[in-house]
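Right, one structure below, let's go through it.
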Amino acid sequence: LDDIAGSGLVAVVVSTIGIVIFGEIVPQAICSRHGLAVGANTIFLTKFFMMMTFPASYPVSKLLDCVLGQEIGTVYNREKLLEMLRVTDPYNDLVKEELNIIQGALELRTKTVEDVMTPLRDCFMITAEAVLDFNTMSEIMESGYTRIPVFEGDRSNIVDLLFVKDLAFVDPDDCTPLKTITRFYNHPLHFVFNDTKLDAMLEEFKKVMWLA
């Protein structure tokens with residue numbers, strides 16, 4: 001190259017540019033998008049060069065391990081994974097529901113019950129003094145909920161829990177008092193502190209089948 005260029009400086013510049021383009025830019029541009037395919041198709045070539053350079057590369061690698069320690073791969077903590085999901089959202093093929101599930105699973109250990117609970121003022125509830133007539137039964141069915149808190153006096157005083165399936169054999173024409181149903185089934189109430197972590201709450205759900 002020195003003889004062709006006629007100058008040592010020109011030869012160095014040209015060779016440097018060539019190495020950068022064909023040894024760095026082009027391989028990275030190809031492998032960044034098609035790295036798995038390139039690696040799969042060149043695996044035999046890679047193994048060949050590994051065997052050829054093994055006598056020199058193995059001692060050097062052991063020496064570097066002793067000096068620098070074992071190589072640590074790329075490790076992402078929970079926060080980095082969440083941020084990566086948010087940043088790549090416009091480019092990945094995950095639908096919104098899948099992304100929400102993944103993010104929710106990663107946030108189980110950091111979020112509390114208070115972060116996800118429905119405020120008491122927004123809950124559909126029914127008074128313990130209610131009578132299961134046609135109007136009351138219609139309101140319950142239209143609410144769409146399968147478990148309804150029962151309060152007595154103040155809404156914060158929850159005394160029972162009504163399962164909608166308990167009303168399967170209730171005739172609205174009989175005007176059955178709600179207390180008759182709740183006392184018969186007597187579903188236990190489960191209270192938790194507002195600062196309970198969601199992963200601990202999930203374990204509670206697993207222990208008590210009717211909560212899940």
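For this structure, a couple of remarks:
- Among residues of the range 171-212 being among the polar types (S, T, N, Q) and closer than 30 Å to residue 105 by Cβ, the one that is modelled with the lowest pLDDT is 194.
- Residue among 166, 115 that alone is of a type in the set (D, E, K, R), over 21 Å from residue 194 (Cβ atoms) and either assigned by the TED database to the domain that holds residue 202 or surrounded by 11 or more Cβ atoms within 10 Å (Cβ to Cβ) (or both): 166
- Taking the criterion of being surrounded by 10 or more Cβ atoms within 10 Å (Cβ to Cβ) and touching a residue at least 12 places away in the same chain (Cβ under 8 Å), the residues of the range 194-212 that qualify are 196, 197, 198, 199, 201, 202, 204, 208, 210, 211.
The values are calculated or read from the model by the stated rules, or taken from the named source; none is laboratory data. All values derive from a computational prediction rather than experimental measurement. Ideal geometry is used to build each Cβ from the backbone, glycine not excepted, and the neighbour counts take in all protein chains shown.
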